[in-house]
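Take a look at the structure set out below.
The values are calculated or read from the model by the stated rules, or taken from the named source; none is laboratory data. Being a predicted model, the structure only gives us computed values, none of them experimental. All Cβ positions, even for glycine, are placed from backbone atoms using ideal geometry, and neighbour counts span all protein chains on display.
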Amino acid sequence: MFVFCAGLLPAPGRLGPSTDRKQLHRSCVAQAQPSKKGPDKTVKIYCAKCQEQLYKYKKGGKGSLVKCFVERIVEDATEGDLKCPECGTEFARPAMIRGKPANKIIGGKVIMRK
């Protein structure tokens with residue numbers, strides 16, 4: 001946890017008994033640091049048309065698959081052209097997200113399984 005602080009002491013009685021007053025201040029803002037190690041959950045990505053496996057991918061979060069960061073792809077069964085090797089369907093487009101190379105998934109073109 002990262003604490004941003006402007007240096008003001010808290011009002012008396014506002015802190016619990018186990019809180020150190022020298023470390024906390026009234027205008028402190030606690031901010032979560034991004035995880036250094038990356039996601040643990042590996043999922044398999046399949047073509048929706050022919051069920052051919054495209055990727056093994058380390059996905060973060062529990063939502064649907066919208067983008068694949070290139071650095072998180074564990075196994076790539078495609079030739080890197082973002083097309084299914086079996087049926088030739090284009091399933092993603094190249095993009096830069098937060099300064100990192102990624103593949104934006106086209107809706108309905110892939111299926112994700114554990």
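Here are the numbers for this structure:
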{"read-out": "Check on Pro94, outside any loop (DSSP other than H, G, I, E, B), within 14 Å of the chain's Cα centre (by Cα) and modelled with pLDDT of 95 or more", "value": "no"}
{"read-out": "Top-ranked residue in region 51-86 [being part of a loop (DSSP other than H, G, I, E, B) and among the aliphatic types (A, V, I, L, M); ranked as nearest to Ile106 (Cα to Cα)]", "value": "Val66"}
{"read-out": "Hits in region 52-90 (condition: polar (S, T, N, Q) and touching a residue at least 40 places away in the same chain (Cβ under 8 Å))", "value": "Ser64, Thr89"}
{"read-out": "Counted residues, region 98-114 - those being touching a Lys or Arg at 6+ places or on another chain (Cβ under 7 Å) and loosely packed, with under 10 Cβ neighbours inside 10 Å", "value": "1"}
{"read-out": "Some residue of region 54-75 being more than 20 Å from the chain's Cα centre (by Cα), surrounded by 10 or more Cβ atoms within 10 Å (Cβ to Cβ) and modelled with pLDDT of 60 or more", "value": "no"}
